[in-house]
Amino acid sequence: MFLMKFKKTTLPNGLRVITVPTKGNPSVTTMVMVETGSNYETKEQGGLSHFLEHMCFKGTINRPTALDVARELDSMGAYNNAFTGNEYTGYYAKAEKKHFKKVLEILSDMYLNPVFPQDDLEKERGVILQEISMYDDLPQDNVYNVFTKLMYGDTPAGRPIIGPKENIKRFSRQDFVDYRRRHYVANKTIVVVAGDISEKAILKEVKKNFQNIPGGKKITKLPVKESQKVPGLSVRKQKTNQAHLIFGFRGYDAEDKKIPIITVLSSVLGGGMSGRLWQKVRHEMGACYYIDAGHHDNTDHGVLTISTGINVFRTEEVVKAVLYECKKLAEVPISDEELAKAKEHYLGHLFMHLETTHALAQFYGIEEVITGKLKSPFDIEKAVRQVTAKEVVEAAQDIFKDEKLNLAMIGNVTNQKAVKKVLTFK
C-alpha cells in the first residue's frame, strides 16, 4: 500500500525532500514548508508569519504581479493555497501529474523570489484586518484565542497566529524582507511531493529549482513554559446566541510515548455519536449541537481539548457533566469493547483523511516539523492498537487534575463565580 512508501532525503545544503509515491493517482501535490510560525515571533512581530504567507502570492522576480502567479496556476487547473501555524508555514499546489514540473517551479519562485510590492502590501493589510474582524464575529473560532492566552499567557504560544490589528497596521516592507531572510533558509525548508512521480524525478527537479536557496543559521523558537496550580478560567463576555466553551488539559509533546494512549483516550470521550461526551451532553442532556475532543501535540507541549457550544444558562450544568465524564474515565476501567471501538474510530478517520495527495503531503510535512522522525500511518496504527485499558486510565489520572484544568468561554456569561465554583475535580 502506498502510504508506507515515503522517503526523506536531506540535500547537502540542509534542505529536506520527502517523497510520497501514490501509484495510479492522477493528481500531484507539491508543498513547500518552512519551520517558522507564530511561536517564532516576538510580541512586536506577532502576525508577521501569517502576513508574509499572504505576501508571497503577490508577485515574484519572474512573475511580477499577483495576477501573473494566479493566471499561470489557474491555466493548469491547479488548486493552490497556503497556511500558517504556530510552528510552520506551508505553500502548496495540487494539479494533474503532467504539470508537476511547472507547479514546482512556480512554488519555488514564490518561496525564493517574492518582491513584496508596496501597493499590494497596503491592500493586503486591509484584507488581513478584515480577516481579524471576521474571526472576531465568529465566537466559535475566536474562543481559541481566549483559550491559548489562558493556557500560555503573554508568550508566543498564547498570542493569536493572525496577530493583533495594531501590528498589522504598522508592518513595513522591510519587516517582511528581514523576517524572511532569517527564516526562509535551506535547513529550515522541507519540500514534500505526493503523487505518481518517481523519487528520482522529484529530487532532480527540487535540486534544480532550489539550487539558489540561501543558507543560514537555523533560528529556533523560545520553549513553551507551563506552570499551573489551580483551575484556570477565562471568560470573554459577548452577546451571542450560544456560549462557546473550550476545556483544556495540559498534555504531552509530540515525541512523548503517551501520544498513542492520549489519542485513544480522546477517542473514548469524543469519538463520534457513541463517544461518552456526545452521549452525555448532547443525547441525554440535549444541551449542545456539537461537542468534540482531541489531543493537539507540538514540539514541546501538548493539550487535550474538549469544545462545545451551549445555552449559557446551562453552563454550570454542562461543566459539571463534562468533568464528571473525565473523572469517571480516570476511575473506572473501560471495557474491551469500548476500547476497540475507540481505536477503530480514530484509525478509520485517520486513513480516510489521508485519501488525497494533499492530505498526505500535509501529514508528512507537519510530522517532519513537529517530530523530525517520520512515521507512516501504519506505524501510528500499530502503536494505537497496542494501547491497553489500564494505560488509558493511567493517562486520565495524570491529566484530569485541577492543576492541569482550564476553561475558556465566549458568551453572555453573567455569573463567572458560579462557573468557577464548579470548575474542579474535587
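Annotations for the structure displayed:
- Rounded tilt (10° steps) of 100-112 against the dominant C-alpha axis of the chain: 80 degrees
- Subset of LYS165/LYS237; LYS43/LYS401; LYS94/LYS258 violating a 27 Å alpha-carbon distance limit: LYS43/LYS401; LYS94/LYS258
- For region 286-301, 3J(HN,Hα) computed residue by residue from phi via the Karplus equation (6.51, -1.76, 1.60; θ = phi - 60°) reads x, 9, 8, 9, 10, 7, 10, 9, x, 9, 10, 10, 10, 4, 9, 6 Hz, glycine and proline entered as x.
- Alpha-carbon centroid distance for the pair region 139-180 / region 321-347, whole angstrom: 36 Å
- In region 317-426, GluC sites (Glu not before Pro) in a DSSP loop with at most 12 other beta-carbon atoms within 10 Å: GLU355
- Contour minus Cα-Cα distance for LYS207 and LYS320 (0.36 nm per residue): 35.0 nm
- Modelled spin labels at LYS373 and LYS169, positioned 7 Å past Cα toward Cβ, are 4.7 nm from each other.
- Extension gain, GLU122 to ASP154, is 8.7 nm, computed as 0.36 nm per intervening residue step minus the present C-alpha separation.
- Counting only Cα atoms, region 1-155 measures 46, 39, 34 Å along its principal axes, largest extent leading.
- Pairs of Cα atoms nearer than 8 Å and 6+ residues apart set the relative contact order; for the chain it is 22 percent.
- In this structure the amide hydrogen of GLY216, modeled in the peptide plane, comes within under 5 Å of the amide hydrogens of ALA186, ASN187, none closer than 5 places in sequence on its chain.
- Compactness relative to 2.2 N^0.38 Å, alpha carbon Rg of region 210-325: 1.37
- Projecting label points 7 angstrom from Cα along Cα→Cβ for GLN416 and HIS349 puts them 3.2 nm apart.
- Top positive-direction residue, dipole computed over region 238-334 with Cβ charges, set LEU277, SER267, GLY302: LEU277
- Available extension along the chain between GLU394 and THR42 is 123.0 nm, counting 0.36 nm per residue and deducting the alpha carbon span.
- Rounded, prolate or oblate (a/c below 1.5 giving rounded, otherwise prolate when a/b exceeds b/c) for region 232-422 by Cα gyration tensor: prolate
- Reported to the nearest whole Å, the Cα centre-to-centre distance from region 38-108 to region 370-426 is 34.
- Candidates HIS295, HIS99, HIS54: whichever shows maximal mean-square fluctuation once the chain is modelled as a Gaussian network with Cα springs under 10 Å: HIS99
Where a number appears in this text, it was derived from the coordinates with a stated rule and is not lab data. If you're wondering where the values come from, they're calculated on a predicted model, not measured in any experiment. Cβ: placed from backbone, ideal geometry, glycine included. Neighbour counts: every protein chain shown.
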